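**Q** There's a structure below that I have some questions on.
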Amino acid sequence: DRLTMGAPTMYAASPLIAALAFALAFGDEISIDRPPEISNEVVSNGTCGKEAEGTCADADFATPLVPVKIAALLNEAWGSLDPEAPRMIAELKSQPGFMQFSHAREVFKDHLLGTFSILAAWNQPQDVSRAGLFHTGYSGDLFQFFFWDATDQSQRRELAEIVGGAAEDLVWHFGTLERGSILSLSELISGNLTAPLAPLSPGLDDTVEVPHRPSPGVNITVSNRIVAKILCVTLADYLDQMVEVNGWRDHHQVESPTRLYPSSLHGPAVALYWISSLCRAIRGHLEHVPPIFGHCEHVITKPVETRARDAYWSVIVNEAALTASEQIMRLEIAAELNPWVAEPHVMLAELHFRASAYAKAAAHAAMALERFYTFGTAWDKRLKFNAWVAFTRLLLLRSQRRARGLSSMPTRDDLAPTSNGLQLVSISGLVESM
């Protein structure tokens, strides 16, 4: 297999790490774009010398700007994403079915809102983002639960009144088509293919025949425009619930579950291989191409993704048994093999901060934020997206300050300290500084 990766900036790992990553790939050819190595002007304690001003202090410590839509997600300013979002979300929260039903890793409401958030962060059209907010309201080709009956026209009108006719139509197609038959999706997910057997024809108004699940043996005609939109929702849907042990899939729909839920033994689910492939297959039919995987131009293979996930997760579950250098080595391998996700860089930033290598810590924290802002969701679902971003922004600020010879926090020395002698820090001032 050939794997070519571009777009994200990468911290330049040592030749040893690069060689290990290549060996782990068992022959997969990997090409990764990287920035120059971190400035040699960083002195031994991790700070910048005076002669380094303009290099270490500026380039390596640059704070990624928070995109406007990511800021709206962090502040839950839903009206900034869609003027009707506060009303639609209030409707969502008014229904016990959405608030109390257990989904993959959270309650149903959280998953639906997470899917909407990802699509909005990707700047998808209004009908697509709104469809994400209620995407499995009519159930799905693999999801047996429903809130509205897709065959009842009065219930379809009820949803249309909430999200609008165009978004309701997408939800109906999403929930009633056998999406696994489109673009060989089922075979992509199974790992039997690295690209769809039959790509969509170029025209947006060209059509395909798709099996209609509520009508066995019946196909319905769907335009490429609609197909691309519901598959874009599928990308966000899966990215929001990427856990190895999934509540609805591995427990609710199984009479004799074989794994405990939730699981602390398994890391992020392995799914980026088919998500990246599907995204590339539909990119030419989307009004706005998602920014993930270099605007859907690149694909990661399943073996490479699996090795990256396993290298990352081995540090999480074996932290106490591994030395710091062993943890760094494994995390750098994970970042080399999968340059699209943020969390390996967060862990590397923590380890370098602990070792007083503040310039390296700042570089990794900045790279992590770039990746969080691109995906609009977390890869490692142990924390929610906003919690990962908040932690990483603060870690970046602390690393920047320490690298410049300052205390890690902008303390208020004019105020009385805490009982354990710590100077107070203004939360508002801290966030403004991030």
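**Q** Taking the Cα centre as origin and putting +1 on Lys and Arg beta-carbons and -1 on Asp and Glu beta-carbons, what dipole magnitude results for the stretch 226-268, to the nearest 20 debye? Working shown, then result.
**A** Numbers: 3 positive and 5 negative charges, 16 e Å.
Value, rounded to 20: 80 debye.
**Q** Ignoring ligands and nucleic acids, what accessible area does Arg402 show with a 1.4 Å probe (Å², nearest 10)?
**A** 80 Å²
**Q** If you scale each eigenvalue of the Cα gyration tensor by 5 and take the root, what three semi-axes come out for the stretch 289-434, rounded to whole angstrom and sorted largest first? Don't jump to the answer; show the numbers that get you there.
**A** Values: eigenvalues 189, 69, 32 Å².
Each semi-axis is √(5λ); the values are 31, 19, 13 Å.
**Q** Same structure, new question: In whole Hz and in residue order, list the ³J(HN,Hα) couplings for the stretch 113-130 that follow from phi through the Karplus curve 6.51 cos²θ - 1.76 cosθ + 1.60, θ = phi - 60°; x for Gly and Pro.
**A** 5, x, 5, 4, 4, 4, 5, 5, 5, 7, 6, 6, x, 4, 5, 6, 5, 5
**Q** Here is a follow-up. Cross-link candidates for Lys381: which lysines have Cα within less than 27 Å, leaving aside residues fewer than 8 places away along the same chain?
**A** Lys69, Lys93, Lys109, Lys229, Lys302, Lys360
**Q** In addition: Can you give the angle from 0 to 90° between the axis of helix 153-163 and the longest principal axis of the chain, with both taken from C-alpha atoms, to the nearest 10?
**A** 30 degrees
**Q** With θ set to phi - 60° and the Karplus curve 6.51 cos²θ - 1.76 cosθ + 1.60, what are the ³J(HN,Hα) couplings of the stretch 259-267 in order, to the nearest whole Hz, using x for Gly and Pro?
**A** With coefficients 6.51, -1.76 and 1.60, one gets 10, 6, 10, x, 10, 9, 8, 10, x Hz.
**Q** Where is the GNM fluctuation largest for the chain (alpha-carbon springs, 10 angstrom cutoff): Pro96, Pro417, Pro214?
**A** Pro417
**Q** While we're on this one: I'd like the orientation of helix 324-337 relative to the chain: the angle between its Cα long axis and the longest Cα principal axis, in ° from 0 to 90, rounded to 10.
**A** Between helix and principal axis, roughly 40 degrees.
**Q** So, one more: Could you check the simple spin-label distance between Leu383 and Ser426, using points 7 Å along Cα→Cβ, in nm with one decimal?
**A** Result: 2.5 nm between the two label points.
**Q** Quote the FRET efficiency, to the nearest 0.05, computed for Asp414 versus Val68 with a Förster distance R0 of 35 Å and r equal to the Cβ-Cβ distance. Don't jump to the answer; show the numbers that get you there.
**A** Values: r = 35 Å, r/R0 = 1.00.
E between Asp414 and Val68, to the nearest 0.05, is 0.50.
**Q** Shifting gears a bit: In whole Å, largest first, what are the principal axis extents of the Cα atoms in the chain?
**A** That works out to 71, 55, 45 Å along the principal axes.
**Q** Also, quick follow-up: What value, in deg cm²/dmol to 500, does the helix sum -39500 (n - 2.57) over DSSP H runs of n ≥ 4 give at 222 nm once divided by the residues of the chain?
**A** Values: 18 runs with 202 residues, N = 434.
For the chain, the value works out to -14000 deg cm²/dmol.
**Q** To the nearest Å, what is the center-to-center distance of the stretch 109-152 and the stretch 375-410, using C-alpha atoms only?
**A** Centre-to-centre (Cα) distance: 30 Å.
**Q** While we're here: So how strong a dipole does the chain carry about its Cα centre when Lys and Arg Cβ are +1 and Asp and Glu Cβ are -1, to the nearest 20 debye?
**A** Values: 35 positive and 49 negative charges, 139 e Å.
For the chain, the charge dipole is close to 660 debye.
**Q** Out of the DSSP beta bridges found with both residues in the chain, what percent are antiparallel (nearest 5)? Please list the in-between numbers first.
**A** Working: 11 of 15 bridges.
So the antiparallel bridges amount to about 75 percent of the total.
**Q** Additional query: Keeping every protein chain present and rolling a 1.4 Å probe, give me the accessible area per residue for the chain in Å².
**A** Working: 19160 Å² over 434 residues.
Accessible area per residue: 44 Å².
**Q** Non-local amide H neighbours of Asn219 (under 5 Å, H modeled in plane, Pro and chain starts lacking H): which ones?
**A** The answer is His212.
**Q** What distance in nm lies between label points placed 7 Å from Cα along the C-beta direction at Thr258 and Glu84?
**A** Each label point is offset 7 Å from its Cα along the Cβ direction, giving 4.5 nm.
**Q** What do you get for the angle between helix 165-176 and the principal long axis of the chain? Use alpha-carbon atoms, 0 to 90 degrees, nearest ten.
**A** That works out to roughly 80 degrees.
The values are calculated or read from the model by the stated rules, or taken from the named source; none is laboratory data. Not measured: the values here are computed from a predicted model. Cβ atoms come from the backbone with ideal geometry, glycine included; neighbour counts cover every protein chain shown. Remember, those area values only see protein heavy atoms, side chains included, never the ligands or the DNA or RNA. Shrake-Rupley method; radii C 1.70, N 1.55, O 1.52, S 1.80 Å.
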